[in-house]
Amino acid sequence: MYRLAFGLLLAGTACAPAWAADTDETSAADDTRSTILVIGQTATDAAEARAEATPGGTDVVTHADFADKTLVSLRDTLSFSPGVYTQPRFGQEVRISIRGSGLSRGFHMRGLTLLQDGVPINLADDNGDFQELEPIFFDHLEVYRGANALRFGSGTLGGAINGVTPTGRDAPGLYLRADAGSFDMLRGLVTFGGSSGAADYWAGVSTDTAAGDRQHANRDSIRFHGNLGLALSNTVSTRFYASVNTLDQELPGALTAAVALTAPETGNFVGDQARDISSVRLQNRTRFELGAATLEVGGFLNAKSLYHPIFQVIDHDSRDYGAFARLDYAQGPFELTIGGEIRRGSTDASQFTNVNGARGMLVFEADQDARTANLYAEARYRPVEALTLIVGGIYADGFRKRAIVSSTMPMQDGRIAFGEFSPKFGVLFAPAADMQVFANYSRSAEFPGMGEVFQTVAGVSTFIAAIEPQRAWTAEVGTRGRSGPVSWDLAFYRAKLEGELLQYTISTSIPAATFNAERTLHQGIEAGLSVELADWLRLRQIWQYSDFRFEDDRQFGDNRLPVVPEHLLRTELRLGSDALHVAPNLEWVPEGAFADYRNTTRTDGYVLVGLTAGATVTDGIDVFLDARNLFDERAIGDISAALAATATSAIYYPVERRAVYGGVRARF
């Protein structure tokens, strides 16, 4: 079915642009845009202006930054975003972590707020599946690290990532894209946008199929995303969004270190494990211009089905809905933001014995309910033009509840509630027009999700009433700016955590257990550097230093936390112009991460070399190349943490094998 859809979708020339859009209404795009840079510049400028007004780590990733990549996962868009750790496992499964957020969660998502067009895709218990975000649709992404994500209603350690899709005024006409390459990969995109009077519209359909670089790693997807905007008056505008996703992904599973390094193509066929997702999301954002103030309100509805054969068959049907509002006021040297959000959800949760990937006997059935809500405010005052003082805070509360309908084994009903207030203080100083220095001090709090409140251990699902929120105080200082050909983004942070939510694998037959650590420390450096020596020569690179450890823990002392390596460097040198360019790139991990909390086993470092290239064939048609791991390096990329790893511990995921992809983009 997926290959038929791909053929229908790409009948004709293939393409893609770097369209543009934003959650704000923007002016029509410039007619001089190239195929790659089909951008509503007003939208991108507005996003960058918001980032520059934030006293902490932020950046805006534009489509030009990842145009020549085959866009399978968020890793392909965020690989050069400072401070964002993205490590692929297989297919669209990627570990995403900022400042050690969700450190031991290598599946689903925790510790980050992920949004599309300003509306969160996190479920009501704040977990979610990031695979529902389709990176090939994005014009740009806004990355707000840590407490800097307050404007998105996020109070987590990691912060927020907002993927922004085009509107009809920014991306008019027909756009096509086709990718093909290693491991039977085929990927396609069709978008169309336009406007008429007070209305504009944009819609895109993507399809993807691949065998994967490991056995039992086939994936298929068909996705739709569209929006309709209406200018109801000179001061009122509204936009409706709709997304439909069908994603099927086989799970190849984790390997022992020896197999990962000698036979990385190996997959796990036991139980025909998979994660299949079908979802529909409907959203609205309505904006009121009120003189010196702007009010934005909206709501969303998500319906999702998860069919997930693992140790058992997880079969969940969930319905999540919510609303949000934000008021921005600016008058002279004073600015104020006040907002709030509520997410409520219910899930029909069933588990069956796994009979080669099919439902066997019903093990248990339960009704799950969750809520996460927050209120936030931030005030900014400029006593002098170059100096801004910031104070703010966010209050979050929520509950997790389960009622057992039927079960073949002892199970527990339960309800647990949380409430936390997290203040923030910051200062932003601009000594020159293109230079900023910033500092902030903030608190964060993360609530456990349903899977952490109700844990399956030794085959029994138990209510963990003693589970607590993860809390942290984080200090950050840094600078960003531009001087001649050099642009930089540099931040130092130090977070002292209490009750960090950590997981470890007990065995391969049952899920991981979650516990609250006592005290842990996350500190590090997030650095980005870009040098444009000429129109045809650009160097860009990011470096992450991650020092994550226990502090005087009764069991683990001052051991390092596993999973994330201490150093990570990515660099790219782009030679040429849009007409013809080539860009070799490198990822270097000098020393691998620890695999366990006892620090008995550490993985080796590695170097991955890749290459992207692009050329303009004729006006409106581009071709591109994306080659990865050119020397077919064998190394361990990601880890599922263990208490004490041994040679038989199947907790490792190999880096992506050598692959070459290519494609064509066109616009009409």
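The values are calculated or read from the model by the stated rules, or taken from the named source; none is laboratory data. A quick note: this is a predicted structure, and the numbers were derived from the prediction, not measured. Every residue, glycine as well, gets a Cβ built from its backbone with ideal geometry; the counts of neighbours run over all protein chains shown.
Residue-by-condition table, conditions (1) buried (at least 21 other Cβ atoms within 10 Å of the Cβ); (2) in a strand (DSSP E or B); (3) touching a Leu at 6+ places or on another chain (Cβ under 6 Å):
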site: 466; (1), (2), (3): no, no, no
site: 473; (1), (2), (3): no, yes, no
site: 478; (1), (2), (3): yes, yes, yes
site: 487; (1), (2), (3): no, yes, no
site: 526; (1), (2), (3): yes, yes, no
site: 555; (1), (2), (3): no, no, no
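Can you run down the residue pairs with Cβ atoms below 6 Å, 6 or more apart or on separate chains, where the first is in region 555-579 and aromatic (Phe, Trp, Tyr) and the partner is not in a strand (DSSP E or B)?
Sorted first by the residue in region 555-579, then by its partner, the pairs are 556/597.
Going by the structure shown, is residue 328 closer than 18 Å to residue 280 by Cα and either of a type in the set (A, V, I, L, M) or in contact with a Ser or Thr (Cβ under 9 Å, 6 or more places away or on another chain) (or both)?
Here the answer is no, as residue 328 does not meet what is asked.
Determine which single condition residue 564 fails, assuming it passes every other condition in (1) surrounded by fewer than 16 Cβ atoms within 10 Å (Cβ to Cβ); (2) out of contact with any Pro (no Cβ under 7 Å at 6 or more places or on another chain).
(1)
Output the residues belonging to region 302-325 that are within 18 Å of residue 342 (Cα to Cα), touching a Leu at 6+ places or on another chain (Cβ under 8 Å) and either free of Cβ contacts under 8 Å to residues at least 40 places away in the same chain or of a type in the set (A, V, I, L, M, F, W, C) (or both).
Listed by number, the residues that qualify are 319, 321, 325.
Do we find a residue being out of contact with any strand residue (DSSP E or B) (no Cβ under 7 Å at 6 or more places or on another chain) and either touching a residue at least 60 places away in the same chain (Cβ under 8 Å) or not charged (D, E, K, R) (or both) anywhere in region 410-418?
No, every residue in region 410-418 fails to be out of contact with any strand residue (DSSP E or B) (no Cβ under 7 Å at 6 or more places or on another chain) and either touching a residue at least 60 places away in the same chain (Cβ under 8 Å) or not charged (D, E, K, R) (or both).
Assess whether residue 9 counts as being of a type outside the set (Asp, Glu), closer than 30 Å to residue 253 by Cβ and either touching a Leu at 6+ places or on another chain (Cβ under 9 Å) or modelled with pLDDT of 75 or more (or both).
No; evaluated as a whole, the condition is false for this residue.
Go through region 406-452 and give me each residue that's closer than 30 Å to residue 352 by Cβ, of a type in the set (A, V, I, L, M, F, W, C) and surrounded by 18 or more Cβ atoms within 10 Å (Cβ to Cβ).
Across region 406-452, the qualifying residues are 411, 416, 447, 450.
Considering region 32-65 alone, what residues qualify as being part of a loop (DSSP other than H, G, I, E, B), aliphatic (A, V, I, L, M) and modelled with pLDDT of 60 or more?
Passing the criteria: only 53.
Give the residues of region 444-478 that are hydroxyl-bearing (Ser, Thr, Tyr) and more than 22 Å from residue 395 (Cα to Cα), sorted by residue number.
Answer for region 444-478, where residues must be hydroxyl-bearing (Ser, Thr, Tyr) and more than 22 Å from residue 395 (Cα to Cα): 456, 461, 462.
Regarding residue 305, is this residue within 18 Å of residue 123 (Cβ to Cβ), of a type in the set (S, T, N, Q) and out of contact with any Lys or Arg (no Cβ under 7 Å at 6 or more places or on another chain)?
Yes.
Got a number for residues in region 634-651 being surrounded by 23 or more Cβ atoms within 10 Å (Cβ to Cβ) and basic (Lys, Arg)?
0
Give region 533-547 a look and list any residue that's of a type outside the set (S, T, N, Q) and either part of a strand (DSSP E or B) or in contact with a Pro (Cβ under 9 Å, 6 or more places away or on another chain) (or both), or say none.
Within region 533-547, 533, 534, 537, 538, 539, 540, 542, 543, 545, 547 qualify.
Restricting attention to region 170-186, and to residues there that are among the hydrophobic types (A, V, I, L, M, F, W, C) and outside any strand (DSSP E or B), which single residue is surrounded by the most Cβ atoms within 10 Å (Cβ to Cβ)? I'd like the intermediate steps shown before the answer.
Within region 170-186, the subset among the hydrophobic types (A, V, I, L, M, F, W, C) is 171, 174, 176, 178, 180, 183, 185-186.
Subsequent filtering for residues that are outside any strand (DSSP E or B) retains 171, 183.
Numbers: 171: 28, 183: 17.
Ranking the candidates gives 171 first.
Considering only region 128-149, I want to know if a residue exists there that is crowded, with 24+ Cβ neighbours inside 10 Å and without any contact (Cβ under 8 Å) to a residue 40 or more places away in the chain.
yes
Among the candidates 620, 592, single out the residue that is on the phi > 0 side of the Ramachandran plot and in contact with a strand residue (DSSP E or B) (Cβ under 8 Å, 6 or more places away or on another chain).
Criteria check complete, one pass: 620.
For region 592-633: of the residues being in contact with a Cys (Cβ under 9 Å, 6 or more places away or on another chain) and either surrounded by fewer than 21 Cβ atoms within 10 Å (Cβ to Cβ) or within 12 Å of residue 661 (Cβ to Cβ) (or both), which is modelled with the lowest pLDDT?
Out of the qualifying residues, it is 620.
Taking residue 282 as the residue in question, decide whether it is at pLDDT 95 or above and under 23 Å from the mean Cα position of the chain (by Cα). Working first, answer last.
Numbers: at pLDDT 95 or above: yes; under 23 Å from the mean Cα position of the chain (by Cα): yes.
The answer is yes for residue 282.
If you check residue 295 against the conditions, is it without any contact (Cβ under 8 Å) to a residue 60 or more places away in the chain, part of a strand (DSSP E or B), farther than 28 Å from residue 450 by Cα and out of contact with any Lys or Arg (no Cβ under 7 Å at 6 or more places or on another chain)?
On the way: without any contact (Cβ under 8 Å) to a residue 60 or more places away in the chain: yes; part of a strand (DSSP E or B): yes; farther than 28 Å from residue 450 by Cα: yes; out of contact with any Lys or Arg (no Cβ under 7 Å at 6 or more places or on another chain): yes.
So residue 295 passes the test.
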